[in-house]
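Here, each number is a calculation from the coordinates, and none is a lab measurement. This structure is a prediction, so every number in the text was calculated from the model and none was measured. Here the Cβ is made from the backbone with ideal geometry for all residues, glycine too, and neighbour counts use every protein chain on show.
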Amino acid sequence: NKHIYKVQWLSDIKDDAAEFSNDHTYSHTESMLKIFGNTFGLKQFRSNQLEAINAALLHNDCFVLMPTGGGKSLCYQLPAVMDPGVTFVISPLRSLIFDQKQKLTSLGILCGALTSDVSQREADEVYRELYKHTPGLKIVYITPEKIAKSDQLTQLLRNLYERKLLSRFVIDECHCVSEWGHDFRPDYANLGQLRIKYPGINVILLTATATPRVQKDVLQQMHIDINQCKLFIQSFNRSNLIYECTLKGTTDTALKKVANLIISHYTDKCGIVYCFSRAECDKTAKYLSAYKIKALPYHAGLSDSKRQLVQNQWANDDCQVICATIAFGMGIDKPNVRFVIHLSMPKSIEGYYQESGRAGRDGDISYCYLFFCYQDLVKMKRLILNDDTQTSTKEAKKTRVDNLNRVYDYCLNNVTCRRTQLLEYFGELFPSSECKRMKQTVCDNCRQVLKTTTINCTQMSIDIIKMISEFSHKNITIPYALDILRGANTKGIRDAGHNNLAAYNSCNQLNKIDLERLICRLIIDGYLQQEIVIHQQQSFEASVAYLRLGPKAHMALSNQSNKFMNSIELTIRTEQSNITNDEKRKQQTPIEQLHEQCLNELKKELKLIFGN
Ligand code: ADP
Ligand code: MG
Ligand code: ZN
């Protein structure tokens, strides 16, 4: 069913899978299938594997975009075994190289590696093999730094090229080539030279993360013509994952919910709890341990040996729950993770897709819970803005703040299908009807029998921006702005003279959540921004975020705003259609059920204490 989704490639839609599907038999087909079964010991191709392998064996450049765990490696390993020469694979992490090398060796495929941690003796051995008349290696893994720095390697490549024994270059995790990507590596940027230095040598590009902008940029940097390159793009939807966002309350109540959730739904099931900081990892692990849940912290503050120990325990199912910062992830592949909980917001939507995607690698139904709150947003923004490390340029900070705003918008959005929202970042137009069809794994928003309506919020937006402009000397936070806009009549508002501002009444028709969504939109669109201010209060500091005018505010404030502003629309929930309590319960997510359970327990306790 991989073709039912409309996948957006740059501005057009281009997917070359059909051209190389299993309807075709080529001269390589028979021996290829033999190696697939006998050498690799596999029975069935996964989506797009056969197609990409065919295209590669027919001397095409290929771009393979597949979710993590989709089986990208086979797309170059099988052609490499078939080709007469040597395939060079550029991979960013020594740990990934080590894993792949071990795996290939166990299959009896001759391979080598040239990285900084390979001993001189081993490296010499690799070079000796490759200078032989018939090289004894099929695949050689290298890091991009080696290509950039090693003359010895350059000479070898030239020699193989001239002897027509250079089969192919493979660039794994190729999004690292692009500065637009989330994981740019300067050494990757020079890989474009390979095309120039070794004309006629085909390239396979592999990645699991590339927005259309990154895709385009990677091809450009690599000097590959999009029209002649074969593209294999696959829906990123993870159909076995259930996505849900929940308002957090305090960290302590969230922790209590997490503990209850694990005890009530995940006895003996593995999961990851992503935490905000090292301290929060430690605290969470301790808290869960008090509930007799086998939980361990994992973060960059632990020694290498300690981290290795935790990883091993996790791999052997000796540890049920990992409480981790995002340091936990790259290269860790456990199939039976049944839940991923974000105790605080992820840093970007792409990050969220990756982190939540560590659930359910085995294809079984798994849950992804995300706890969020306004205070976390402020806290995380403060951290970004205070980051004084060298790589944190003004531009980089802006991107990080922008990424975070989008995550907050995702959390607040209680209408749009989670899958639609997530996959949009990969340029994929995923219809919510598809989510509703996946009855068992429908997302929290689609689960509700909802009536929605789209309203034009342009005038409200102008009013909000005007208000911030008029009160620019006052310090207005989002919660305070919500109160003013909704006509709250608190003492604070009266004292400040912010009550009865009839001018802003247009916002009355939105409820609090929707109004907050609108303000978040205005921030994302550049009409407003948040300034983080740190208040020193005796022994501790509090960070506060004040709303300020953004770079585009003047458009809304000009007399001809309707000429300069695009109209702003918001789709919101309207009254739920008449549904029975039974149906309501069916719609409930585990966390909602938990609410009820906790409330009932509380009621019972109160009854015991106070009687009826
Ligand atoms: P990716 O690089 O896309 O994240 P890998 O290439 O590392 O994924 O493959 C993930 C796992 O799937 C590996 O354990 C691999 O052996 C397995 N795998 C790949 N292709 C197949 C297949 N056709 N049938 C069964 N298992 C496969
Ligand atoms: Mg891979
Ligand atoms: Zn949905």
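Can you compute the FRET efficiency between GLN536 and ASN240 using 1/(1 + (r/R0)^6), with r the Cβ-Cβ distance and R0 = 51 Å? Round to the nearest 0.05. It comes out at approximately 0.60. Above 15 angstrom, tally the Cα pairs of the stretch 85-124 and express them as a % of all pairs, no decimals. Every Cα pair in the stretch 85-124 considered, those over 15 Å come to 43 percent. What fraction of the DSSP beta bridges in the chain is antiparallel, stated in percent and rounded to the nearest 5? Close to 25 percent. Report, by chain and number, residues whose modeled amide H sits under 5 Å from the one on ALA496, excluding near sequence neighbours (fewer than 5 apart, same chain). So ALA496 has HN proximity to no qualifying residue.
Database remark: amide H of ASN414 closer than 5 angstrom to no amide H (H placed geometrically; neighbours at sequence offset of 5 or more, or on other chains; Pro and chain starts carry no H). Using the Cβ-Cβ distance between LYS394 and THR25 with R0 set to 60 Å, the FRET efficiency from 1/(1 + (r/R0)^6) comes to roughly 0.60.
Given axes a ≥ b ≥ c from the Cα gyration tensor, I'd like to know whether the stretch 388-478 is rounded (a/c under 1.5), prolate (a/b larger than b/c) or oblate. Oblate is the answer for the stretch 388-478, as a/c is 1.5 or above yet b/c matches or exceeds a/b.
Taken one residue at a time, the phi angles of the stretch 539-555 give Karplus couplings (6.51, -1.76, 1.60, θ = phi - 60°) of 8, 10, 9, 10, 9, 10, 10, 9, 6, 10, 5, x, x, 9, 4, 4, 4 Hz. Gly and Pro are set to x. The stretch 56-123 and the stretch 209-254 have Cα centres separated by 23 Å.
Placing unit charges on C-beta atoms (Lys and Arg positive, Asp and Glu negative, everything else neutral), compute the dipole magnitude of the chain about its Cα centre in debye, rounded to 20.
Numbers: 76 positive and 65 negative charges, 161 e Å.
For this selection, approximately 780 debye.
Distance from the Cα centroid of the stretch 483-562 to that of the stretch 266-280 is 35 Å (rounded to whole angstrom).
Rounded to the nearest angstrom and listed largest first, the equivalent-ellipsoid semi-axes of the stretch 429-541 from its Cα gyration tensor are 33, 19, 14. Look at the dipole of the stretch 215-342 built from charges on Cβ: of ALA327, THR251, GLN313, the Cα furthest out on the positive end belongs to THR251. The stretch between ASP117 and TYR131 holds 2.9 nm of extra length on full extension. This uses 0.36 nm per residue minus the Cα-Cα distance.
Shown here is the pair-distance distribution of the stretch 191-293: with all Cα-Cα distances grouped in 10 Å bins from zero up to the longest one, the shares run 10, 28, 16, 16, 18, 10, 0 percent. Under 5 Å from the amide H of CYS270 lie the amide H atoms of ARG338, each residue being 5 or more positions distant or on a separate chain, with H modelled from the backbone and absent for Pro and chain starts.
Compare the Cα positions of SER543, HIS554, VAL89 along the charge dipole of the chain (+1 at Cβ of Lys, Arg; -1 at Cβ of Asp, Glu; about the Cα centre) and return the one farthest towards the positive end. Towards the positive end, the residue furthest out is SER543.
Dividing the mean sequence gap of close Cα pairs (under 8 Å, 6+ apart) by how many residues the chain holds gives a relative contact order of 12 percent. Think of the chain as a dipole: +1 on every Lys or Arg Cβ, -1 on every Asp or Glu Cβ, centred on the Cα centre; then among SER472, HIS24, ASN202, SER472 lies furthest on the positive end.
Spin-label model, GLN155 to THR267: label points 7 Å out along the Cα-to-beta-carbon direction sit 6.7 nm apart.
Report note on the peptides 474-483, 116-125, 32-41, 376-385: ranked by the mean count of other C-beta atoms within 10 Å, highest first, their order is 376-385, 474-483, 32-41, 116-125.
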